Amino acid sequence: MDTSVVPMSNTIQIRKGIDPSFVPNIVDSDYRKATGLSKSMLSHFLKSPAHYLAHCDQMSEPTAAMQFGTAYDAEILQQKPSDFYAVMPDVDGRTKEGKAVKEQFKIDAAGKAVISPKEAEMIPLMKKALYEHPVANRLLRTLTHKQVACFGTYQDSKDKQVRLKGLLDGYNEAEGIIVDLKTAEDASPEGFRKAIWKYKYAYQDIQYRWLLTNAGKPVNDFIFIVQEKEPPFAVGCYSISVDDLALTYQSWEMAMIRFGHCQKSGQYPAYADEVVNLKLTK
């Protein structure tokens, strides 16, 4: 048997990495400071290496949607959600008293996600609807780990290595199931299928599977729990087909090899330098 590859599923063989690490209950700030190519940064690289480099040089502030996602995840996954987010006070910032309250809030909420009072009212309703979904309920209640960080190094050759990291929302080690929470405008099968393409969630699936497999942990499935942010806060649970994952793994591995080349050469190109002929019909 080739010891350089290990099975990630019944049909997918992956290149074995080095230096694996499995860190349950990691502090979010510690994860973000840790070296490694995350799935979100990989998404920029997949657009082009130049886009990745530009994003590294200009780290943006979390968007309102990202901050709401942090608060939502905290309510579902954390024992003390208030450690992770704060609710913007509903005061008139034009008055002296209102300005004082907001200034104090900035100090108290430093390092936390900030959401609006309306969003804060919505989260308990979403949580109730989430746990009323039988599959989502079971998946969340049977997690053996929450907020798990995984690290590992993909090695194309000794001088081309890519340090990777991933932050799993939940993991059922006994059953080998990765669980990821998503909020969405449309949680229907067709809506989430479009989101998978737009946000490259299949690459997240592959990278997290790779990291866990490389760490010697069982992986039998990756399930996305997707919930809409408007009443009735509908929930859908989805996994990606094995055939699609096999194709995505090939693309992911090519991205790892290209990333290693960019690291070694110091060159991070954007799009092609020559004219590209585009075919507009299938």
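Worth a mention:
- Across region 126-171, the qualifying residues are those that are among the acidic types (Asp, Glu) and outside any strand (DSSP E or B), and the one among them that is surrounded by the fewest Cβ atoms within 10 Å (Cβ to Cβ) is Asp159.
- When restricted to residues that are of a type in the set (S, T, N, Q) and either surrounded by fewer than 16 Cβ atoms within 10 Å (Cβ to Cβ) or more than 17 Å from the chain's Cα centre (by Cα) (or both), region 173-194 contains 1.
- Selection status of Val91, among the hydrophobic types (A, V, I, L, M, F, W, C), at pLDDT 90 or above and not in a helix (DSSP H, G or I): no
- Any hit, region 48-60, residues being of a type in the set (Phe, Trp, Tyr), out of contact with any His (no Cβ under 7 Å at 6 or more places or on another chain) and surrounded by 14 or more Cβ atoms within 10 Å (Cβ to Cβ): no
- When Gly93, Gly111 are screened for being touching a residue at least 12 places away in the same chain (Cβ under 8 Å), exposed (fewer than 14 other Cβ atoms within 10 Å of the Cβ) and small (Gly, Ala, Ser), only Gly111 passes.
- Selection count, region 173-192, where residues are closer than 12 Å to Asp221 by Cα and either touching a His at 6+ places or on another chain (Cβ under 8 Å) or of a type in the set (Phe, Trp, Tyr) (or both): 1
- Filtered by the rule that a residue be over 21 Å from His133 (Cβ atoms) and acidic (Asp, Glu), region 166-219 gives a lone residue, Glu173.
- Taken over region 61-88, the residue count meeting the criterion of being surrounded by 11 or more Cβ atoms within 10 Å (Cβ to Cβ) and outside any helix (DSSP H, G or I) is 7.
- Residue within region 87-108 that is of a type in the set (Ser, Thr, Tyr) and touching a Lys or Arg at 6+ places or on another chain (Cβ under 9 Å) present: no
- Applying the condition of being buried (at least 17 other Cβ atoms within 10 Å of the Cβ) and either more than 20 Å from the chain's Cα centre (by Cα) or of a type in the set (A, V, I, L, M) (or both) to region 235-257 and asking which residue is nearest to Gly36 (Cα to Cα) yields Met256.
- Which listed residue, of Gly236, Gly170, Gly166, is in contact with a Ser or Thr (Cβ under 8 Å, 6 or more places away or on another chain) and under 23 Å from Pro124 (Cα atoms): Gly236
Rundown of residues vs (1) in contact with a Leu (Cβ under 6 Å, 6 or more places away or on another chain); (2) more than 25 Å from Lys47 (Cα to Cα), yes/no style:
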| residue | (1), (2) |
| --- | --- |
| Lys106 | no, yes |
| Ala136 | yes, yes |
| Gly152 | yes, no |
| Gln155 | no, no |
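- Checked against the criterion of being under 17 Å from Gly69 (Cα atoms) and touching a Leu at 6+ places or on another chain (Cβ under 9 Å), the candidates Leu164, Leu181, Leu143, Leu211 yield just one match: Leu181.
The values are calculated or read from the model by the stated rules, or taken from the named source; none is laboratory data. All values derive from a computational prediction rather than experimental measurement. Cβ coordinates were reconstructed from backbone atoms using ideal geometry, including for glycine residues, and neighbour counts include every protein chain displayed.
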